[in-house]
Structure formats: structure tokens, C-alpha cells
Amino acid sequence: MSEQEQKVAVVIVAHPDDAEFGAAGTVATWASEGWDVYYVICTDAGGGGSDEATDVGAAARMAIAETRKREQRAACEILGVKDVVFLDNPDGLLQPTMELRRDLVRLLRQYRPSRVVCQSPERTWTPVYSIGRYHPDHLAAGQAALAAIYPASQNPWDFPELLQEGLLPHKVREVYFMGAPNPNYAVDITGQWEQKLASLSAHVSQLSAKFDQLKQMLQTRTAETGAKYGMTYAEEFHRAENP
Ligand SMILES: [Zn+2]
């Protein structure tokens, strides 16, 4: 099997639970087909505490970060994800910096995925702007991921220190953007719907209080997406090839 056919996928997102909302069914499908799937979470998840919190100091942030990391690992276990890497940038302050780009290139050259799932670096304005979908950390994670994929990961001249570390250039063949302006590809997740829900329910600290409402909303949305493609439940992406 040539390198471009290796069944390795990397999912790059800002926070715990971002990937489950957009791609849990797809991840579960790929894992069941023998793909090795790895998660990269760009932040430390320390900003995801209660909206009513009055103590937002370092100890409180560390406690919520630990909880959310544990929940993310539990969700990954449900989906068959091989491993999770936390880059531990401060939650809420993520920027598409050169340091973040280099960290992502390093991981791409180590894992050598043929597919990467990431967040959209662009906001969608139609049919209507959805404010909850466009956390600035999500846009930053999407921008950093795309810049890491092309050209930096595949270009030996970018980040020469990585070549010095023995990390050879690597070309990612397919990129799947979640929440992108022009979706052009769907994955049938009808058989993985329960697994997607289970993986979301692992994020207890974030979602348990409103889980029934969330399930209803997701079911409607996932079914609407599916109907566009003749599927019961589907996850939708903008899929780009890097030939
Ligand atoms: Zn998020």
C-alpha cells in the first residue's frame, strides 16, 4: 500500500466536543472501516466552565480542563479513536500563530494522515448566520490547520527545524472542513447515529443539562442534511482534494 493510501486520519479542532458535533459519525464510520483516527485538540479546554461561574482563576481553569480532557478521551473511546493530543493553548485565546502551525505540521508529519478533518476558517452567512458556530477559536483552529496542511506539511522548505528533527514532508490527500460555507460531500452516518449521540453524552460537563433538547435539535439537523443526499442521517463537509 502506498503512503497516500494509508488509512490514517487526523481530526484537528479547538475544543473538546467540537469534533463530536461535526464529525463523530464520520469518525466512527472510518474507525469501523479500519482507519486509524487521531484527534488533536488545540486548546487546553480551560475556558469551558459554567456560564454562572464567579471563580475563573487558575485552579478553576485547571479543574475544568482536566474534566473536559477526561470527557474527550471517553468520547474518543466510544468512537474508536486511537489517541488524543492536547496542544494546551489557552482556551478562548487561540490564534493561528506560526507556533500553532508548526505544532500541527509536526503532528501531520508524525501521523502522516491521508485525510484531515478540521474546522472551517470561514464563517457561513447563509441561510442565516449562526453565532454559536463561529467561536473565534474555531476559526483560528481552521486557519492554522489549513495552513499546516498546505503547503507547510508537504514542503521541506517550511519549518526546516522539523526536517532537522527527521520529520519528512507529508502530503495530506483529502481535507474535510466542518461547518464550511459550501458543503459538497456527505457521509451516511445512519448506522453510527447512536454512537454519535453516545460520544456527545460523554461530554457531561458541557451537555448533560440540556441533552434532550440538544438531541432533538441534532436529530432534526442531521436528518435534514441526510435528506439532501438521500440518506437518513448524514454529516456534511466541504471536501477538498490535494492531488
Ligand atoms: Zn468549540
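The values are calculated or read from the model by the stated rules, or taken from the named source; none is laboratory data. The model shown is predicted, which means the values in this text are computed figures rather than measured ones. Cβ atoms come from the backbone with ideal geometry, glycine included; neighbour counts cover every protein chain shown.
Cβ separations smaller than 6 Å between residues 6+ apart or across chains give the following pairs from segment 151-175 residues that are under 19 Å from PRO121 (Cβ atoms) to residues that are of a type outside the set (Val, Ile, Thr) and loosely packed, with under 11 Cβ neighbours inside 10 Å: GLU174/GLU241.
Look at (1) away from the ligand (no atom under 13 Å from the Cβ); (2) surrounded by 14 or more Cβ atoms within 10 Å (Cβ to Cβ) and you find that PRO156 fails only one, number (2). Residues in segment 82-95: is at least one over 22 Å from HIS135 (Cα atoms), touching a residue at least 40 places away in the same chain (Cβ under 8 Å) and not polar (S, T, N, Q)? Yes, segment 82-95 contains at least one residue that is over 22 Å from HIS135 (Cα atoms), touching a residue at least 40 places away in the same chain (Cβ under 8 Å) and not polar (S, T, N, Q).
Take segment 201-233 and flag every residue that is in contact (Cβ under 8 Å) with a residue 40 or more places away in the chain, of a type outside the set (S, T, N, Q) and farther than 30 Å from ARG70 by Cβ. Once the filter is applied, which keeps residues that are in contact (Cβ under 8 Å) with a residue 40 or more places away in the chain, of a type outside the set (S, T, N, Q) and farther than 30 Å from ARG70 by Cβ, segment 201-233 yields GLY226, LYS228, TYR229, MET231.
In segment 163-207, the qualifying residues are those that are among the polar types (S, T, N, Q) and farther than 17 Å from VAL81 by Cβ, and the one that is surrounded by the most Cβ atoms within 10 Å (Cβ to Cβ) is GLN206. Selection within segment 1-15: residues that are modelled with pLDDT of 95 or more and hydrophobic (A, V, I, L, M, F, W, C). The member of this set that is nearest to the ligand (Cβ to nearest atom) is ALA14.
I'd like to verify a number: residues in segment 213-243 that are loosely packed, with under 13 Cβ neighbours inside 10 Å and among the aliphatic types (A, V, I, L, M), how many? Matching residues across segment 213-243 total 2. Screening LYS210 on (1) over 18 Å from the mean Cα position of the chain (by Cα); (2) of a type in the set (D, E, K, R); (3) surrounded by 18 or more Cβ atoms within 10 Å (Cβ to Cβ) shows it passes everything except condition (3). Within segment 16-37, the residues that satisfy the criterion of being within 16 Å of the ligand (Cβ to nearest atom) and either under 8 Å from the mean Cα position of the chain (by Cα) or of a type in the set (S, T, N, Q) (or both) are ASP18, ALA19, GLU20, GLY22, ALA23. Only one of the numbered conditions (1) under 18 Å from the mean Cα position of the chain (by Cα); (2) assigned to a helix (DSSP H, G or I); (3) modelled with pLDDT of 95 or more is violated by GLY226, and that is (1).
Keeping to segment 163-206, report how many residues are of a type outside the set (S, T, N, Q) and outside any loop (DSSP other than H, G, I, E, B). First the steps, then the outcome.
Residues of segment 163-206 of a type outside the set (S, T, N, Q): 163, 165-181, 183, 185-189, 191, 193-194, 196-198, 200, 202-204.
Add one more test, that the residue is outside any loop (DSSP other than H, G, I, E, B), and what stays is 163, 174-178, 185-188, 191, 193-194, 196-198, 200, 204.
Selection size over segment 163-206: 18.
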